[in-house]
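Presented below is the structure to which this report refers.
Bear in mind that the values in this text are calculations on the coordinates, not laboratory data. None of the values given here were measured: they were computed from a predicted structure. Here the Cβ positions follow ideal geometry from the backbone for every residue, glycine too, while neighbour counts run over all protein chains shown.
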């Protein structure tokens, strides 16, 4: 079973509710125009059994608590609907109306036990709140109690002056967000406080494998140890980056992902095929493409 | 001849002029307390012939043009004095009173032909101005006319909310600054406009080698091509990061650096020794430790 | 002659060029849907002879120099065209493709002598550059040489975290921008360096009259003295705010303005009528409604 | 009884705990060097019976919850100690270790019933969180339950680019913070949600009286109505600003304050004497100098 844990879905009604109609830009997301049928055909051709869908940067992080709650509810329902219509093909990481604690706790209670929902997605930051912000405490505690998967995702730092313009916020800012969010969690001691949480950091941990020696030199060995307790998806495309990530973070922590629809068809296929070019054992490749995800998501017998 | 192109020097009188006395924090910079004699002994033990000194983040980027000009002048004179006192051991990348164009042009004219000055250092951003800001145009044009080396260096993004706290701004923010600055230069077309400039990007290009596949997928092959026209220093400590940087950016573009005094003695030595652990040819290692730098800096015969 | 110096115009083609189609929001700008004919009828009814048009926050401050230059050129031409079509009814403060110095100097040269152009409008900040930023030096010097009027206008600080949401950026952030920009000019010594410039600060100086005692207590008497050398428009609606502004900054420095179309018809009329409710001499009211502006703009005989 | 509700106190041990030793700058705070004895003599000379002390911008808003809690505890104890040593002369608005909810609730429980504590001080923003941020919800709810006074105070926006340099952040940024915080509370509906809270906004509401017509034009009459439900201190120095504040917000909402030690001795005395220059009834002046505060703070019989 081949499982793509990093794939997006943008129901138009949901995008309108969060005030970002038209997202994502077609130029950047070559496959954004595909119908569900076309997407399934693409998955079939590539041999991918299943996608775990999430909202990407299109989080329902509205300032008004009621509006955020409604957007999250409508969005999660539209995702669950698609999963129900295509049994065995789609699951979802549900979104939360953060930073509003009461509304988020209510949405967790409402959707956590839906068959489609295998975890939750949270931005690398939440409406300007970093992941160690106390406003997130009650929500992380509840997710911990449920031993939930938390799929992190960049939110876009176009407003950071040194990433403004030239699409730098997505070219490189997105993996910077991944890196900073994962390190912040470790350095704030959150995995220790919430041991039930299973974090997935996208893009091979952003830039963590490349900076591991620096991080260790300037902080402590324990930091890399902590990072080894998280999961990572393989959205990168560079065999040597993947090999490096496996050596430093562990091949058993890697989960196949495509960042669909932010790729054209050859790039989509490359996200799977390049896993074979990193000099990994076949058994590692098998675990990466589906075995680890199946166990993590609680899906039947991984093949 | 072994040349360390990434090494810092903090004359107290200069630090006072820029209002940052006490910099750098001793905890972070284990060797900051060394005298010049102790530093030379360390270089001798390690077999390093020469350091090219720069101000690191302690740039003279004061809002008042006259105060900035004075700080740059005093600083550059103190650096030149040390170089003169220790012939053959130290050279310097001079600092500029940016973002003030007239004062910076005057300082270039004043110091460019001093024997100690082999190039200029510019922050990855300059008092909130990015490197493609028009305020820098006249200065870059003059440096281009002189075919100058420009040694970039992070300035510290502690004020960027998602890098605030936990020392994230230096743990990972510094290589993020390198990455964004180098890409910004390319994407803004500055190397084409100023073909005489020779940029040195620290820390193996920050995170560029790890993100090269992503950058190419989301922008254009030409971007990596442009990056191959820059120089990089080897401050990293990770053999596989170095190997990756050499494959993607070119071993002939790498220049040995230590980030002295931001290391303890074993780390200082490791910055040199790890160059031998990356599976590079001996000739490449030789070019990295000194050959390329000697040619670039216009020093006699590289050994 | 009654002259409204603070009035806006939004040619759709210009708005598209700057990437802000649809500006301004109809809710906020009740009169934005009026045709030129309807606007002239409104002016006639109110007894207003003339409006000096400007782009408001819709400045052509694009990162790409060529794109900024084109937007400014097209925008200024569209404004000049309207002025030519309605002789004696409209004049304009031309916009500049800042922060790009060469392009801005070229646009000044191109339009400064057009009959419609009676001055220039510059944002309270320019694409993140404050008004004392050296990038603006050559442009301010040229405007000084031409003894030009510079009409400042807020650009919108929705991205300032403590002004985010609840429309705070326009409710109060706009006059905060006015206040800070005017004080920055004084505190940076720019009126002394560029004595030919005649600044107009909108909204009775933002909040300066109310804060004058505080500013004097915490800085120096000279600051208020410097502020008395600028001009101000009367967009406020509060008779006691106007009376205070006249006492502190001088009635002879006040210029009538309406902020058209950011008002409905009764508010539009109130911007003129409230000038009579502030306990001012009739002669002062006459100067405010047109006399001072006519002299400043170099228009025939003020009545 | 004359009561100064806006006065600060900076115990050195507390300043060290929050990492801001040396605050405030002597240049800005002429009276900062006074001993308690000298301060009492000054109060006696001016005829001021009592000061309600607060930490000004030196809030214990540290990222680490335990460190914040300790700083708040030590600080509040030092304030309470001084109050106990000088009975009848000092009271205090206690500080809270925000944004940490559990630690803040614990500190409220610990100090709310101390005789010295007559309310709480909260920054106009809290470590980057605005006052309508959900992280503050539990704390505001508890303060509401206790019908507590909340004395707002600016925290310093030196990092806001358009207020950077020239001391603009304190010259005018501080009253901008007051204005935005008070409006944000109203626009977010917090007084309705927490009807027991009694807010004091410093500096005559920042700039609210001057901008009232604009705020009403662009939002709704109810906003000014909501603002009339808050209290304000008289730190300004401008009789006409005070008169305007009384007309718009109500003389019965004004509380005398000095911003001690941010003034020299003549300025200190002026903060009291100018209350008589605003054309108010004597009875209003009496309420402003002490009557309203005595009732609000629950002090014996106001004279």
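Annotations for the structure displayed:
- Count of residues meeting criterion [more than 21 Å from residue A:218 (Cβ to Cβ) and crowded, with 21+ Cβ neighbours inside 10 Å] in region B:1-12: 1
- Number of the condition not met by residue D:165 [criteria: (1) at negative phi; (2) surrounded by fewer than 24 Cβ atoms within 10 Å (Cβ to Cβ); (3) free of Cβ contacts under 8 Å to residues at least 24 places away in the same chain; (4) more than 18 Å from the chain's Cα centre (by Cα)]: (1)
- Search result, residues across region B:269-303 that are part of a loop (DSSP other than H, G, I, E, B) and over 12 Å from residue B:234 (Cα atoms): B:279, B:280, B:281, B:298, B:299, B:300, B:301, B:302, B:303
Residues are listed down the side, and each one gets a yes or a no for (1) at positive phi; (2) under 20 Å from the mean Cα position of the chain (by Cα):
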site: C:56; (1), (2): yes, yes
site: C:64; (1), (2): no, no
site: C:72; (1), (2): no, yes
site: C:76; (1), (2): no, yes
site: C:80; (1), (2): no, yes
site: C:87; (1), (2): no, no
site: C:91; (1), (2): no, yes
site: C:96; (1), (2): no, yes
site: C:99; (1), (2): no, yes
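- Test result for residue D:44, surrounded by fewer than 19 Cβ atoms within 10 Å (Cβ to Cβ), touching a strand residue (DSSP E or B) at 6+ places or on another chain (Cβ under 7 Å) and within 21 Å of residue D:259 (Cα to Cα): no
- Which numbered condition residue C:165 fails, given (1) more than 7 Å from every other protein chain (Cβ to nearest Cβ); (2) not in a helix (DSSP H, G or I): (1)
- Top-ranked residue in region B:224-243 [being without any contact (Cβ under 8 Å) to a residue 40 or more places away in the chain and closer than 19 Å to residue B:186 by Cβ; ranked as surrounded by the most Cβ atoms within 10 Å (Cβ to Cβ)]: B:232
- Annotation: residue B:124 fulfils all but one of (1) under 19 Å from the mean Cα position of the chain (by Cα); (2) under 12 Å from residue B:72 (Cα atoms); (3) surrounded by 24 or more Cβ atoms within 10 Å (Cβ to Cβ); the unmet one is (2).
- Test result for residue D:212, over 27 Å from residue D:53 (Cβ atoms), within 11 Å of chain C (Cβ to nearest Cβ) and in contact (Cβ under 8 Å) with a residue 40 or more places away in the chain: no
- The residues of region A:129-162 that are in contact with a strand residue (DSSP E or B) (Cβ under 7 Å, 6 or more places away or on another chain) and outside any helix (DSSP H, G or I), listed by number, are A:148, A:149, A:150, A:151, A:152, A:153, A:155.
- Set B:277, B:178, B:264: member being more than 10 Å from every other protein chain (Cβ to nearest Cβ) and more than 24 Å from residue A:179 (Cα to Cα): B:277
- On inspection, residue C:31 qualifies as in contact (Cβ under 8 Å) with a residue 60 or more places away in the chain, over 17 Å from the mean Cα position of the chain (by Cα), buried (at least 18 other Cβ atoms within 10 Å of the Cβ) and more than 30 Å from residue C:134 (Cβ to Cβ).
For every residue, the table says whether it meets (1) over 19 Å from residue B:50 (Cα atoms); (2) out of contact with any helix residue (DSSP H, G or I) (no Cβ under 8 Å at 6 or more places or on another chain).
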residue: B:248; (1), (2): yes, no
residue: B:258; (1), (2): no, no
residue: B:268; (1), (2): no, no
residue: B:272; (1), (2): no, no
residue: B:286; (1), (2): no, yes
residue: B:292; (1), (2): no, no
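- Some residue of region B:107-117 being without any contact (Cβ under 8 Å) to a residue 40 or more places away in the chain, more than 17 Å from the chain's Cα centre (by Cα), assigned to a loop (DSSP other than H, G, I, E, B) and crowded, with 21+ Cβ neighbours inside 10 Å: no
- When region B:170-192 is filtered for residues that are over 28 Å from residue B:275 (Cα atoms) and touching a residue at least 24 places away in the same chain (Cβ under 8 Å), the ones remaining, listed by number, are B:184, B:187, B:188, B:190, B:191.
- Residues of region A:181-208 satisfying the condition of being facing another protein chain (nearest Cβ under 7 Å) and buried (at least 24 other Cβ atoms within 10 Å of the Cβ): A:183, A:207
- Only residues that are within 13 Å of chain B (Cβ to nearest Cβ) and farther than 16 Å from residue D:160 by Cα were counted in region C:141-162, giving 1.
- Tally, over region D:102-134, of residues that are touching a helix residue (DSSP H, G or I) at 6+ places or on another chain (Cβ under 8 Å), within 14 Å of chain A (Cβ to nearest Cβ) and closer than 14 Å to residue C:161 by Cβ: 8
- Qualifying residue in region D:69-91 (condition: surrounded by fewer than 23 Cβ atoms within 10 Å (Cβ to Cβ), under 26 Å from residue A:131 (Cβ atoms) and touching a residue at least 40 places away in the same chain (Cβ under 8 Å)): yes
- When each of B:15, B:53 is tested for being within 18 Å of residue B:121 (Cα to Cα) and surrounded by fewer than 20 Cβ atoms within 10 Å (Cβ to Cβ), the lone residue that passes is B:15.
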